[in-house]
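Peer 1: Please read through the structure below; I'll follow up with questions.
Where a number appears in this text, it was derived from the coordinates with a stated rule and is not lab data. What you see is a predicted model; the values in this text were computed from it and never measured. Neighbour counts run over all protein chains shown; Cβ positions are idealised from the backbone, glycine included.
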Amino acid sequence: MDAVIENLPVFLEGFKNTLGLLIFSGIGALILGVFVAALRISPVASFRGFATVYTEIVRNTPLTLVLFFCAFLLPYLQFSPPFFVLALIGLTVYTSPFVAEALRSGINGVPVGQAEAARSVGLTFGQSLSYVIMPQAVRMVIPPLINVFIALTKNTSVAGAFFVFELFGAGRQVTNDRGDEVIAILLAVAFFYLVITITLGQIAARVEKKVAVLR
Amino acid sequence: MSSVLYDAPGPKARARSRVISVVGILLVAGVLLWLILAMGAPKPSANGAVQPGLWDPTRWDVFTDVQVWRSLGQGVLATLSMAGVAAVFALIIGVLFSFGRSADHKAIRIPTTIILEFVRGLPVLLMMLFILLVFATGAYWAGVAALAIYNGAIIGEALRAGIQSLPRGQREAGLAIGLTPLATRFRIEFPQAFRQMLPIIIAQLVVLLKDTSLAFIVGYSELLRVGVKNLPDFFGNRYAFSFFLVVLAIYLAMNLSLSWFARFIARRSGPKSGKLVEPEPTLTPKDTLSSTRGSYSTGDAGGPGTF
């Protein structure tokens, strides 16, 4: 147990970086994901096709491979910001199609009758999206979106293997120093992860319940 | 393209949409072409030596070597064997979890729920490291065990949701004809839940296959380690990009075919299960089971009513 207490600053440093990865790549993925989702429902066929291909390819590529590309091959192409930024790029790209899919399924979850009603009272494409469909879709999208962010929290651990010092990296370093207390150290790391994931999960559950009442 | 969101396009709108479409294609093709040319351009490296472009034959000649393909093949086999063994165990663990979570006794239900929450909230990678360091199992079994437990928890939640979504009458009918509660669960509820959740389970197995690449980090020589680490280390760094592209292609081929299979199953079993059980009125996954990496891929398994 004292290995954990001694190294508490190390863990907190890792925790801070994990949160940083989560927040920045979460925002990035949200922006990119909204863009991809917009392309996927757009009336222009080539945009739809492009977004579909992008989604399929990125979603079926292992995250480890994406981060490997960012950490090793981007510097090789003479693009070498710090590893933290490289990991952010990788996580953003990897998470964006999942965000897009969550948004799209939320939009699809709005009953067709709502769209038909909006159209039949004469609203245009933009109006029916922004006044009728989006306000409903946003509510339905929040729980799956939080689930995407829970997955992202867990995925930040992979960045720890690519030279970013976050929780997983902190755990690895401390276990190297104190091989005698591996279990306590790893449980401490697990605790920090659970602080984020369970909190987010509770929020998702609460929102879900609220939305269910509204419908 | 018919959609409720916009009018059926008239001749003018159709022409405009065609123009935008063509411009869009040109834009995408232009960016791709630029990327391909940029990667193909020879470039000087730091020490002044000029490196040939990516499409130069000298960057690809290793692939005429049979040994390279044999190593890659071994990598694929290692990946598949880890995924296969982990998938079997994940299914078994999933069934156990789903029974534990829907057990009648609190003494079983509550501990199972706590374990499930714990497992689902942790990164697979951390579990792999934990098993590797604490139980000293070696990289292969650490990977298999972590993947099996994590995905088992998610499959278990999916199965539980499936059991819960069955009409109450199913269980009551089973009990009424004299089956024990356990027999009712096994012979009446479970087969229906399993069939209904099959698309989600297969989608989760795709995730499992993808996640075998995490074993790279704990030191297992699977496709990723062989392809992007061992082989470039051996043949020289100028092949790093070529190997990366080949490994990417192999992963995409494996995962896409499994994803398509999942979607095929979803389409085939969709209407059938709809007859048995009222389908959910919305297309969003209603249950907490979506707190996984994988279950998003079921978004496509949706149904009619897409805009």
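Peer 1: Just going by the charge dipole of region A:127-196, with Lys and Arg at +1 and Asp and Glu at -1 on Cβ, which of A:ILE150, A:MET134, A:VAL164 is farthest out on the positive end?
Peer 2: Result: A:MET134.
Peer 1: Okay, next question. Per residue of B:251-259, what is the mean number of Cβ atoms on other protein chains within 10 angstrom of that residue's Cβ?
Peer 2: Mean shielding by partner chains, rounded to a whole number: 3.
Peer 1: Can you put B:VAL22, A:VAL99 in order, fewest other beta carbons within 10 Å first?
Peer 2: B:VAL22, A:VAL99
Peer 1: Next question, about the same structure. With r defined as the distance between the Cβ atoms of A:GLU6 and B:ALA29 and R0 fixed at 56 Å, what FRET efficiency is calculated, to the nearest 0.05?
Peer 2: FRET efficiency, A:GLU6 to B:ALA29: 0.45.
Peer 1: For region B:187-249, what is the relative contact order in percent, using Cα pairs closer than 8 Å and at least 6 residues apart in sequence?
Peer 2: 19 percent
Peer 1: Please tell me the relative contact order of chain A in percent, rounded to the nearest whole number, where contacts are Cα pairs under 8 Å and at least six residues apart.
Peer 2: 30 percent
Peer 1: Based on other C-beta atoms within 10 Å, arrange B:LEU223, A:LEU65, A:LEU187 from fewest to most.
Peer 2: Listed from fewest to most nearby Cβ atoms, that is A:LEU187, A:LEU65, B:LEU223.
Peer 1: Averaging over every viewing direction, what projected area does the convex hull of the Cα atoms of region A:3-147 cover, in nm²?
Peer 2: Numbers: hull surface 46.4 nm².
For region A:3-147, averaging the hull's shadow over all directions gives 11.6 nm².
Peer 1: For a test of understanding, tell me how many lysine pairs in the protein assembly as shown have Cα atoms under 22 Å apart, given they are 8 or more places apart or on different chains.
Peer 2: Summing the qualifying lysine pairs gives 8.
Peer 1: If we count other beta carbons within 10 Å of each Cβ, what is the order of B:ARG267, B:ARG238, fewest first? Intermediate results must be reported in sequence, preceding the final value.
Peer 2: Details: B:ARG267 13, B:ARG238 17.
The order, fewest Cβ neighbours first, is B:ARG267, B:ARG238.
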